[in-house]
Amino acid sequence: SVSVLSADTLQTRVVTKEQDLASLVPGLVVKNGQNQNQLSFTLRGQTLDPFSGASPAVLTYLNEVPFTGGNSATAFFDFSSVQVLKGPQGTLFGRNATGGAVLYASAKPGEEFGGNGTLRVGERNLVQVQGAVDLPLVAEKILVRVAGDYQKQDGYVRNLLTGNTLGDISNKSGRITILVRPTERIENTTVFQYSHFGGTWGIPGGARG
């Protein structure tokens, strides 16, 4: 079975991270490891122990490129769709995905100049800013999309002895998508992405994640 979440669904249901997918996809469980980049997906009872070193039973892909090991988190913004496939997927994707696969597809550049932006605020001084701009450099030939995401939130645990906090989030991400279409039958899409995941997590001494 396949669950498909469009960009509009992700926006209206406020799906801002991988863990939020579990509320929309029956049977999907997403758990954190020692930091926010270490995630494990569970489908049909199959999952990955992050400390085992084994290949995950549920693979994640960004634009058809698989993530490796247990570091399966990504900058969760500006997606055109997210698909969750349940059951063995090895014949389709060439990897041992006995439990299933989670497919992220980033948004492609638009044919016209335009953009969008989102601002979210919440408890523990949460601030999240997302935005994207379409830049058609050459009409129908060279299209560029620039998107970014910034998220910051205070921690939910404070050490009264040291004053340190745990659970802080400080993330910055940027993505540039370049679509080149020299002819009607030839199209190439190149994606450049940079992400920095900061904050403090459940590691002794408040180490950075």
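The values are calculated or read from the model by the stated rules, or taken from the named source; none is laboratory data. Here the structure is a predicted model, which is why all the values come from computation and not from measurement. When we count neighbours, we look across all protein chains shown, and the Cβ atoms used for this are built from the backbone with ideal geometry, even at glycine. These accessible areas exclude ligands, DNA and RNA; they are computed on the full protein's heavy atoms, side chains included. Shrake-Rupley method; radii C 1.70, N 1.55, O 1.52, S 1.80 Å.
The table below gives the values:
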{"read-out": "In the range 117-153, residue nearest to THR165 (Cα to Cα) [restricted to those that are of a type in the set (Val, Ile, Thr) and in contact (Cβ under 8 Å) with a residue 24 or more places away in the chain]", "value": "VAL127"}
{"read-out": "Test: GLY100 is closer than 14 Å to LEU28 by Cβ, surrounded by fewer than 20 Cβ atoms within 10 Å (Cβ to Cβ) and in contact (Cβ under 8 Å) with a residue 40 or more places away in the chain", "value": "no"}
{"read-out": "Failed item, numbered, when VAL14 is tested on (1) modelled with pLDDT of 90 or more; (2) open to solvent by 70 Å² or more (accessible area, probe 1.4 Å); (3) farther than 12 Å from VAL82 by Cα", "value": "(1)"}
{"read-out": "Some residue of the range 160-175 being more than 19 Å from PHE76 (Cα to Cα) and charged (D, E, K, R)", "value": "no"}
{"read-out": "Residue count for the range 68-109, restricted to those that are polar (S, T, N, Q), modelled with pLDDT of 85 or more and assigned to a loop (DSSP other than H, G, I, E, B)", "value": "0"}
{"read-out": "Listing of strands (runs of 3 or more DSSP E) fully contained in the range 110-205 that carry 3 or more residues being open to solvent by less than 70 Å² (accessible area, probe 1.4 Å) and of a type outside the set (Gly, Ala, Ser)", "value": "126-138, 142-153, 169-180, 188-198"}
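This table checks each residue for (1) closer than 21 Å to ASP8 by Cα; (2) among the hydrophobic types (A, V, I, L, M, F, W, C); (3) within 16 Å of the chain's Cα centre (by Cα).
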{"residue": "GLU123", "(1), (2), (3)": "no, no, no"}
{"residue": "VAL138", "(1), (2), (3)": "no, yes, no"}
{"residue": "LEU143", "(1), (2), (3)": "no, yes, no"}
{"residue": "TYR150", "(1), (2), (3)": "yes, no, yes"}
{"residue": "GLY167", "(1), (2), (3)": "no, no, no"}
{"residue": "GLY174", "(1), (2), (3)": "yes, no, yes"}
{"residue": "THR183", "(1), (2), (3)": "no, no, no"}
